[in-house]
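Trainee: Could you have a look at this structure, given as structure tokens, before my questions?
Every read-out reported here was derived from the displayed coordinates using simple, explicitly stated rules and does not represent laboratory data. Quantities reported herein were computed from a predicted structural model and do not represent experimental measurements. Here the Cβ positions follow ideal geometry from the backbone for every residue, glycine too, while neighbour counts run over all protein chains shown.
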Amino acid sequence: MSTEVSPNTSGQPAPAAATTPAAPEKMSRESVTVIATLLVATFVVILNETIMNVAMQRLMVDLQVDAPTVQWLSTGFMLTMAIVIPTTGFILQSLSTRAVFMLAMGLFSVGTALAAVAPGFEILLLARIIQAGGTAIMLPLLMTTILTLVPMSRRGAVMGNVSIAISVAPAMGPTVSGLILEHFTWRFMFVFVLPVALVALAIGAKYLTNIGEAEKTKLDIVSVLLTVPAFGGLVYGLSQIGGGHGGDAGPATTAIAALVIGVASLAVFVLRQVRLQKSAAPLLDLRAFKLRMFTVSVLLMVVAMMALFGGVILLPLYLQEVRGLGSLETGLALLPGGLAMGLLGPVVGRLFDRIGPLPLTVTGSVMMVLTLWQFSMLDAGTPVWWIITLHVGLSLGLALLFTPAFTTGLNPLPPHLYSHGSAIMSTTQQVAGAAGTALLVSIFSVVSATSGLVAGMSAAFMTATVIALAAVVLSAMMRKTDAAGAAGGHGTH
């Protein structure tokens, strides 16, 4: 597979020397424009990803559905992304940059418009799935473009700026939806997002430059079909674990069957990719995992995303159901943490370029474990200011993990693996987020049914704490990586 994008914004193929870290230190104006356009669009689509979190109670009443059903508006969104993202390596090769952008923002805008007029839960879920399709394409497009256009010495700083979009947007989602729900119906969450999405689409259509040339590549349909039972089975099985309150064996049997199907399908998917690597273009080129730091970084991202998404779902539940806070108050309580994570992103990026990943990731993982452990101690009388302080601490810990993990993992990839590495990292990120949400909400549900809400919350956060311990071990393994051309493609230095 040849390089699908090149540092040359005029659309000419990259010369062979593009595999060496000889890119100019200063980025061209065209490169800055392309990245800025993609950043704005990514901010909009990620803002939408968490905008539903504080609206769940309102939606349960208005749409007359129960908690496990309404949860699929979040889990289904992440699951769709996990299924679509593996195909983005093919999409990025087959279409021009402009075409990929127009496809992503077009899908997102159509889904947003449909959600605004959805008559019931089924149509709203369909709209969220369409939105997720657009979001899934946007993330790898941004990452692949950055890897192509940004010189090695500045990648940490640029990835730090990207973390503003990736961190502040999900943090603002609950606050924005809280403000909207205070004065309008839930439909206005989409009515207000739609014009912003359309403006981003118009800006991209006018200013976005094609990077590289589209190529004819073959899409392996069998691999695409396998992603559905593989990732779908795992997430659905986890979400059903807490379904059998009172000893009902039905949901437990369904959960086990779904998990077995998921694991088996995932194994077949992996084996097929390994076989396709020898004869044809795989859907996901798993040779990226031969790079040790890529593998460690992906595993670290998985643990961090499980903690992040679990916390993002559990904290609003605690604040609303245990503490009785309204939608707006809940959103405002979660805002400082998200802002702290985003504002620290560029600082972490510059520090990463200077000192490497190890000091940052070890500090971040220890902070994550300590704050999650403290969350497990919350009760009905815990002061709200302490909850906000802990959330800020968790957010700062995650900020110290995300930028180093992304940059360390993607740096050693050779250009022909850029889109595949970005797709693998984004896929595992979304599956981990969906699985973390499903697992922790299931634990919360099953313990709450027998011992009360506070006990359920405590059990869920204690589970997250145990999972986060793995991040401390992985963080200690992080090392600074060189470019593929400088390190011989091994990236373990």
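Trainee: Just report the Cα centroid separation between the range 387-431 and the range 267-335, whole Å.
Mentor: 9 Å
Trainee: Relative to the longest principal axis of the C-alpha atoms of the chain, give the angle of the C-alpha long axis of helix 453-475, reported between 0 and 90° and rounded to the nearest 10°.
Mentor: The two axes meet at around 20 degrees.
Trainee: To continue, here is another question. Under 1.5 on a/c is rounded, so check that first for the range 340-464, then, if it is not, pick prolate when a/b is larger than b/c and oblate when it is not; a ≥ b ≥ c are the square roots of the alpha carbon gyration tensor eigenvalues.
Mentor: Working: a/c = 3.39, a/b = 1.64, b/c = 2.07.
It is oblate, given that a/c is not under 1.5 and a/b is not larger than b/c.
Trainee: Which of the pairs Lys218/Lys278; Lys218/Lys480; Lys26/Lys480 have their Cα atoms more than 25 Å apart in this structure?
Mentor: Values: Lys218/Lys278 14 Å; Lys218/Lys480 35 Å; Lys26/Lys480 22 Å.
Distance filter (> 25 Å) returns Lys218/Lys480.
Trainee: Once you have the Cα-Cα distance between Met60 and Leu370, take 0.36 nm times their residue separation minus that, and quote the gain in nm to one decimal. Don't skip to the end; give the middle numbers.
Mentor: Numbers: separation 310, 0.36 × 310 = 111.60 nm, distance 3.36 nm.
Contour length minus the Cα-Cα distance gives 108.2 nm.
Trainee: Let me ask something else about it. Nothing charged except the Cβ atoms of Lys and Arg (+1) and of Asp and Glu (-1): what's the magnitude of the dipole of the chain about its Cα centre? Round to the nearest 20 debye. The partial results should precede the final answer.
Mentor: Working: 22 positive and 18 negative charges, 243 e Å.
It works out to roughly 1160 debye.
Trainee: Angle between the Cα long axis of helix 221-240 and the longest principal axis of the chain, 0 to 90 degrees, nearest 10?
Mentor: It is inclined by approximately 30 degrees.
Trainee: Beta carbons within 10 angstrom, averaged per residue: use that to sort the peptides 132-140, 198-206, 289-297, 32-40, highest first.
Mentor: On the way: 132-140: 26.7, 198-206: 15.6, 289-297: 20.3, 32-40: 18.8.
Top to bottom by mean Cβ count within 10 Å: 132-140, 289-297, 32-40, 198-206.
Trainee: Return the calculated 222 nm mean residue ellipticity for the chain, to the nearest 500 deg cm²/dmol, obtained by summing -39500 (n - 2.57) across DSSP H runs with n ≥ 4 and dividing by the residue count.
Mentor: Details: 18 runs with 363 residues, N = 493.
Estimated from H runs of four or more residues: -25500 deg cm²/dmol.
Trainee: Separate question: Viscosity 0.890 mPa s, temperature 25 °C: what is the translational diffusion coefficient of the range 39-109 from Stokes-Einstein with a Kirkwood Rh over Cα pairs, rounded to a whole number of µm²/s? Could the numbers behind the result be given before it?
Mentor: Details: Rh = 14.1 Å.
Reported coefficient: 174 µm²/s.
Trainee: So if we plug the beta-carbon distance of Met462 and Ile256 into 1/(1 + (r/R0)^6) with R0 = 30 Å, what FRET efficiency do we get, rounded to 0.05? Before the final figure, lay out each step's value.
Mentor: Details: r = 24 Å, r/R0 = 0.79.
About 0.80, to the nearest 0.05.
Trainee: What is the distance in Å between the Cα centroid of the range 86-115 and that of the range 153-178?
Mentor: About 21 Å separates the Cα centre of the range 86-115 from the one of the range 153-178.
Trainee: If you average over every viewing direction, what projected area does the convex hull of the Cα atoms of the chain give, in nm²? Intermediate values should be presented prior to the final figure.
Mentor: Details: hull surface 83.5 nm².
So the Cα hull casts an average projection of 20.9 nm².
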